[in-house]
Amino acid sequence: MKLFSSVHDVTNIKALVAEALQLKQNPYAHQHLGNNKTLGLVFLNPSLRTRMSTQKAATNLGMNVMVLNIDKEGWALELRDGVVMDGDTVEHIREAAAVMGQYVDIIGVRSFPGLKNRDEDYNEVIFNKFIEYCGVPLISLESATRHPLQSLADLVTIEELKTKPRPKVVLTWAPHIKPLPQAVPNSFAEWMCRADVDFTITHPAGYELCADFTKGATITTNQEEALADADFIYVKNWSAYEPYGKVFPGNEDWMLTNQKLKNTNNAKVMHCLPVRRNLELSAEILDGPNSIVVHEAGNRVWAAQAVLKQMLENL
Ligand code: CP
């Protein structure tokens with residue numbers, strides 16, 4: 001594997017999930033693979049889980065790791081071609097990405113969407129420039145439209161904790177106070193549509209995701225109906241795809257509560273984190289027996305390690 005930017009880069013999803021679960025049982029079995037190899041983690045946006053879990057995964061494989069919070073610690077990047085750089089930007093992404101590729105064997109990049117220009121975000125303008133110029137294998141640490149390391153960890157978690165061969169998995173929209181990207185729900189939907197699960201998406205009218213990511217899912221604006229008999233519930237807020245980046249007033253009653261769990265199959269509740277308590281997800285669920293959010297975050301290590309292992313094997 002040379003690129004991990006979406007589920008489309010994975011030739012065998014089942015095998016990758018199985019590999020992650022094997023690595024969880026035996027984390028240090030492949031330390032030789034990363035000998036004298038360096039992973040660079042470049043963040044244009046904040047991170048707790050992605051940063052720490054990917055760093056841990058790389059060290060489990062014997063790699064060295066460099067982390068650059070380029071938004072705070074690097075030179076201000078110019079992304080446009082053909083401009084006279086007489087403004088605030090100091091370094092062009094052409095040189096910056098190419099130079100990083102001189103120092104590392106694999107690079108990870110986090111680049112959130114601006115949520116202002118849909119074409120720019122959905123064409124992954126920043127992320128694709130890193131692919132074009134860095135010259136080394138690249139892992140998405142969350143791009144404008146997808147978060148594949150999160151989605152792989154989510155699928156690993158479902159595979160690990162399911163109690164029936166084909167569980168019902170429900171992605172439910174949740175309230176928030178500000179517009180959030182569609183990357184996590186897009187990506188989760190894309191992976192679930194290719195997994196052996198019965199997959200439903202529920203959201204208020206107006207929050208339809210881009211259809212490219214949801215082919216094969218059942219989609220409904222009736223949350224109560226969607227949650228019936230659910231085995232796993234994935235809670236997440238997102239802003240509208242059309243009109244792009246907008247949020248609509250109301251819908252506070254979409255927050256998941258213990259009352260809403262009553263009609264489910266004692267569903268396990270997931271969230272990628274960070275989560276705003278009692279706004280996006282109730283504290284009674286987060287602190288109760290149905291929440292698996294911390295376990296899910298723990299599995300980020302094994303997802304990242306499985307991807308890094310496949311990349312190291314192909315260097
Ligand atoms: N879920 C996730 O990606 O968390 P961070 O933003 O903290 O990395």
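Yes/no matrix, rows are residues, columns are (1) touching a helix residue (DSSP H, G or I) at 6+ places or on another chain (Cβ under 7 Å); (2) farther than 21 Å from residue 142 by Cα:
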position	(1), (2)
192	no, no
219	no, yes
257	yes, yes
277	yes, yes
297	yes, no
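Residue-level check: of (1) within 16 Å of the ligand (Cβ to nearest atom); (2) outside the structural domain of residue 53 (by TED's automatic domain parsing); (3) of a type outside the set (Phe, Trp, Tyr), residue 304 misses just (2).
Of note, residue 190 does not satisfy the criterion of being surrounded by fewer than 18 Cβ atoms within 10 Å (Cβ to Cβ) and not assigned by TED's automatic domain parsing to the domain that holds residue 123.
Looking only at residues of the stretch 103-118 that are under 21 Å from residue 55 (Cβ atoms) and small (Gly, Ala, Ser), we find that the one that is surrounded by the most Cβ atoms within 10 Å (Cβ to Cβ) is 108. Looking at the stretch 153-172, can you tell me whether even one residue there is within 14 Å of the ligand (Cβ to nearest atom) and surrounded by fewer than 24 Cβ atoms within 10 Å (Cβ to Cβ)? Among the residues of the stretch 153-172, not one is within 14 Å of the ligand (Cβ to nearest atom) and surrounded by fewer than 24 Cβ atoms within 10 Å (Cβ to Cβ), which makes the answer no. Scan the stretch 249-269 and give yes if some residue there is within 16 Å of the ligand (Cβ to nearest atom) and either of a type in the set (A, V, I, L, M) or not in a loop (DSSP other than H, G, I, E, B) (or both), otherwise no. Scanning the stretch 249-269 turns up at least one residue that is within 16 Å of the ligand (Cβ to nearest atom) and either of a type in the set (A, V, I, L, M) or not in a loop (DSSP other than H, G, I, E, B) (or both). For the stretch 290-305, does any single residue satisfy the condition of being assigned to a strand (DSSP E or B) and of a type in the set (Phe, Trp, Tyr)? No, every residue in the stretch 290-305 fails to be assigned to a strand (DSSP E or B) and of a type in the set (Phe, Trp, Tyr). A single member of 66, 100, 85 is open to solvent by 70 Å² or more (accessible area, probe 1.4 Å), modelled with pLDDT of 95 or more and under 16 Å from residue 141 (Cβ atoms), and it is 66.
Filtered by the rule that a residue be in contact with a His (Cβ under 8 Å, 6 or more places away or on another chain) and open to solvent by 30 Å² or more (accessible area, probe 1.4 Å), the stretch 222-273 gives a lone residue, 247.
Among helices (runs of 4 or more DSSP H) lying entirely in the stretch 48-108, which contain 1 or more residues that are in contact (Cβ under 8 Å) with a residue 60 or more places away in the chain and not aliphatic (A, V, I, L, M)?
49-60, 93-103
Filtering the stretch 274-292 to residues that are open to solvent by 10 Å² or more (accessible area, probe 1.4 Å) and either within 25 Å of residue 208 (Cα to Cα) or among the charged types (D, E, K, R) (or both) leaves 274, 275, 276, 277, 278, 279, 284, 287. Could you please tell me which pairs satisfy a Cβ distance under 8 Å, a separation of 6+ or placement on different chains, a first residue in the stretch 237-265 that is without any contact (Cβ under 8 Å) to a residue 60 or more places away in the chain, and a second residue that is part of a helix (DSSP H, G or I) and open to solvent by 70 Å² or more (accessible area, probe 1.4 Å)? Once the first residue is without any contact (Cβ under 8 Å) to a residue 60 or more places away in the chain and sits in the stretch 237-265, its partners that are part of a helix (DSSP H, G or I) and open to solvent by 70 Å² or more (accessible area, probe 1.4 Å) give 257/284; 258/284; 260/224; 263/224. Taken over the stretch 48-63, the residue count meeting the criterion of being open to solvent by 30 Å² or more (accessible area, probe 1.4 Å) and either within 16 Å of the ligand (Cβ to nearest atom) or not β-branched (Val, Ile, Thr) (or both) is 6.
The values are calculated or read from the model by the stated rules, or taken from the named source; none is laboratory data. As the structure is a prediction and not an experimental result, all values here were calculated from the model. Backbone-built Cβ (ideal geometry, glycine too); neighbour counts: all protein chains shown. Areas reflect the complete protein model, heavy atoms only, side chains present, ligands, DNA and RNA absent. Shrake-Rupley method; radii C 1.70, N 1.55, O 1.52, S 1.80 Å.
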